[in-house]
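Everything below concerns the one structure shown next.
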Amino acid sequence: MKRILINATQREEVRVAVVDGQRLYNFDVETANHQQIKANIYKARITRIEPGLDAVFVDYGGDRHGFLPLKDVAVENFQGDTHNGRGRCDQLREGQELLVQVDKEGQGNKGAALTTYISLAGRYLVLMPNNPRAGGVSRRIEGADRSEAREAMNTLVLPEGMGIILRTAGVGKTAEELKWDLDYLLQLWYAIVEAAGSRSGPFLVYQESNVIIRAIRDYLREEIGEIWVDEPEIYNEAVGFMRQVMPTFVNKVKYYDEKIPLFTRFQLETQIESAFQREIKLPSGGTIVLDHTEALLAIDINSARATRGADIEETALNTNLEAVDEIARQLRLRDIGGLIVIDFIDMLSHRHQRSVESRMKELLKMDRARVQVGRISRFGLLEMSRQRLRSPLGKVMQMRCPRCQGQGTVRSTESFALAMLRLLEEEAMKTQTQALLAQLPLEVATFLLNEKRHVLDEIEARQNIKLVLIPNPNWHTPKYEVQRIKTEDKKDLPASYHMLNTPDDSQRYALPTRQQPTTSSEEPAVKTLNYTATPTASPRRVTPPPPPLQPTGFLQRLWESLFGDSPKKAAHSPTDASFAPQEVEHIVPEEMTDDPSTEQNAQPTANRERSQIRRGRRGTRRKRDNTDNRSTTDKYAETNDSDSSYVAPYAPSDDNRDESEADSVTTVARPRSTEPKLENKSEDNH
């Protein structure tokens, strides 16, 4: 059974896990020191215009100024006429105020990436209040569900200049349920506009929901059987949200009050710890090594002790297939975005390479992020890119090593001591040098005072100076301090042990203190609105099984080839071919789905519905040519679906950023398939 587990016993760290049995599939965490700002809406002010970058920098209230590309600035923000719906930098001015939304959170020395194309995510819909040229149905919705979704969306009355996207959670929902969600999003948008006009920026206008609400909104599907919460306050918050948004699922929320910790009960702690490790062991004995660089994530696969297979080629294939399963899982758990390069074990067979590629693509279909996968090159490398949905797990729960400053290694004692020896000689050669005071780590100073004492004596005699080495037991490689005393100072040096820095002066490598929050505690101008009464749940779809195939003889096949129908069919059906039997999806209430006579009760109305469907298909075929000639903007809107709040801008981009599209849409109506649908897929698997 699939479950959502929420651990909030320690309020400094709220954790959400999506599991299938005891297998961890998705993991999200929110700490008191790091709150997500993605999808937050701010009123910002332009501080600098950079024509060379086709972008502007804005002050939105964060630690660093945000980066706003020109292509992400809505037309109404430009002053003057625009060409082809796009403006220029000279049509913006410093000090101009804009309503912006965080597209990507800042990393390292880079500020947050912003956009003026606002998108508000609801339960079933995503509202784009200032982007009318983007919208439609999620690309993950296929087949008959797609056509039904379009019919339901056509009944919605949308204000001019706005666009909407149907999320995968909206499959099978009635027009009343979609309208209810749309009304809430419209009320929220009007409240945001009113609050933004109340005062000048920069300030926080609207804050995205916390990790609890986001997890329920984005992960809860029909296949989720239970939602366990181990903290009373969070439990009440989850129940209150469910009663407003999904009252039919409120019985799935359960309070966990046993003595065994919730995550320990489902054996998740070890799986979570693997998301922080550099090396991961595979069941067969192989290993996966993940190394982060500034440009990309490098993943290396080693066979190690793996010997599964009849020969080396089969062993390589089995190890690579096993590694692919774990890599796809780790990318979700760590939420790694950007470029990723995987170094597979060499496989000579092209068929084996294609098998590994197919396995990787199949596993990535469960990922909510947008992923692009290449082919295995002749060097055994596979390149891919993944959209970053939130802050990486390492950024939220890890800190840079205070000793190596993130490099991962430090110089050995001998190497660092010799480097200090060369530095002392270089400083001693400077004119008017009376003495050098070198405070070094204990092991480095010990090495110089014993193994290199004669070299120190030679430097003192040759340069006519005094060298004072002070071992500091509180310091470690590579920390040091060299002080040069000039001749004109005529300074009398105290005893060397008085010059030792106390521990209060060398807190660089002490235990880290509590980190300051990365985001301000500013209260948003608009709080989340309360949902109105939820409409009744939509009925479930039941597809009757196809009629059994009857064996046909030679005369019957000859009759069908000449006249189109068998004699038996011609006697009981109209002569028009459009009335041929077709597979029909019937809508029945939920309480009737368990009744074995449901299919029989639905049969008398089948013929009338079949005739209507056939007439609709003929009209769809006549419109197919017009559908294929869709605009470039419509083609650009077809991206992968991840059910998050960001939506692609109205115009195509030239920089191919893989992390910029979260919810995939298409504005093209696809014709209904001519083959009978045997299976109904109403939910997507994440």
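Per-residue answers, yes or no, for (1) surrounded by fewer than 23 Cβ atoms within 10 Å (Cβ to Cβ); (2) part of a helix (DSSP H, G or I); (3) touching a strand residue (DSSP E or B) at 6+ places or on another chain (Cβ under 8 Å); (4) not basic (Lys, Arg):
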site	(1), (2), (3), (4)
VAL102	yes, no, yes, yes
GLY108	yes, no, no, yes
PRO159	yes, no, no, yes
ALA169	no, yes, no, yes
GLU176	yes, yes, no, yes
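Of everything in segment 30-60, what is under 22 Å from ALA121 (Cβ atoms) and surrounded by fewer than 20 Cβ atoms within 10 Å (Cβ to Cβ)? Give them in sequence order.
HIS34, GLN35, listed by residue number.
Against the definition (modelled with pLDDT of 90 or more, in contact with a helix residue (DSSP H, G or I) (Cβ under 9 Å, 6 or more places away or on another chain), of a type in the set (A, V, I, L, M) and surrounded by 18 or more Cβ atoms within 10 Å (Cβ to Cβ)), how does LEU68 come out, yes or no?
When the stated conditions are applied, LEU68 does not pass them.
Please identify the pairs in which a residue from segment 226-248 that is of a type in the set (Asp, Glu) has its Cβ atom under 9 Å from the Cβ atom of a residue that is buried (at least 19 other Cβ atoms within 10 Å of the Cβ) and part of a helix (DSSP H, G or I), counting only partners at least 6 apart or on another chain.
ASP230/LEU262; ASP230/PHE263; GLU237/ILE212
Which residue pairs have Cβ atoms closer than 6 Å, lie 6 or more positions apart in sequence or on different chains, and pair a first residue in segment 60-72 that is within 17 Å of GLU97 (Cβ to Cβ) with a second residue that is surrounded by fewer than 20 Cβ atoms within 10 Å (Cβ to Cβ) and among the hydroxyl-bearing types (Ser, Thr, Tyr)?
HIS65/THR47
Any residue that is under 14 Å from LEU321 (Cα atoms) and either in contact with a Gly (Cβ under 8 Å, 6 or more places away or on another chain) or free of Cβ contacts under 8 Å to residues at least 24 places away in the same chain (or both) - is there at least one of those in segment 368-375?
Within segment 368-375 (the criterion being under 14 Å from LEU321 (Cα atoms) and either in contact with a Gly (Cβ under 8 Å, 6 or more places away or on another chain) or free of Cβ contacts under 8 Å to residues at least 24 places away in the same chain (or both)), the answer is no, since none of the residues qualifies.
For segment 393-424, name all the residues that are modelled with pLDDT of 90 or more, crowded, with 17+ Cβ neighbours inside 10 Å and in contact with a helix residue (DSSP H, G or I) (Cβ under 7 Å, 6 or more places away or on another chain).
PHE416, ALA417, MET420, LEU421, LEU424
TYR60: under 14 Å from ALA113 (Cβ atoms) and of a type in the set (Phe, Trp, Tyr), yes or no?
It is true that TYR60 is under 14 Å from ALA113 (Cβ atoms) and of a type in the set (Phe, Trp, Tyr).
Determine whether segment 186-205 contains at least one residue that is out of contact with any Phe, Trp or Tyr (no Cβ under 8 Å at 6 or more places or on another chain) and closer than 20 Å to GLN36 by Cβ.
no
Where in segment 295-376 are there strands (runs of 3 or more DSSP E), lying fully within it, with 1 or more residues that are closer than 18 Å to LYS281 by Cβ?
296-302, 338-343
Here's the yes/no breakdown for (1) in contact with a Phe, Trp or Tyr (Cβ under 8 Å, 6 or more places away or on another chain); (2) farther than 22 Å from ARG386 by Cα; (3) at pLDDT 80 or above:
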{"residue": "GLY87", "(1), (2), (3)": "yes, yes, no"}
{"residue": "ASN109", "(1), (2), (3)": "no, no, no"}
{"residue": "LEU125", "(1), (2), (3)": "no, yes, yes"}
{"residue": "LEU158", "(1), (2), (3)": "no, yes, yes"}
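Could you tell me whether any residue of segment 373-386 is surrounded by 18 or more Cβ atoms within 10 Å (Cβ to Cβ), farther than 30 Å from GLN330 by Cα and at pLDDT 90 or above?
no
So LYS281 passes all but one of these: (1) modelled with pLDDT under 90; (2) touching a strand residue (DSSP E or B) at 6+ places or on another chain (Cβ under 7 Å). Which condition number does it fail?
That leaves (1) as the condition not met.
Are there any pairs, at least 6 apart or on different chains, whose C-beta atoms fall under 6 Å, with the first in segment 275-286 and without any contact (Cβ under 8 Å) to a residue 60 or more places away in the chain and the second in a loop (DSSP other than H, G, I, E, B), and if so, which?
From residues that are without any contact (Cβ under 8 Å) to a residue 60 or more places away in the chain, the pairs are SER284/ALA306; SER284/ARG308; GLY285/ALA304; GLY285/ARG305; GLY285/ALA306; GLY286/SER303; GLY286/ALA304; GLY286/ALA306.
If you go through segment 4-25, how many residues are within 23 Å of LEU120 (Cβ to Cβ) and of a type in the set (S, T, N, Q)?
Matching residues across segment 4-25 total 0.
The values are calculated or read from the model by the stated rules, or taken from the named source; none is laboratory data. Here the structure is a predicted model, which is why all the values come from computation and not from measurement. Cβ coordinates were reconstructed from backbone atoms using ideal geometry, including for glycine residues, and neighbour counts include every protein chain displayed.
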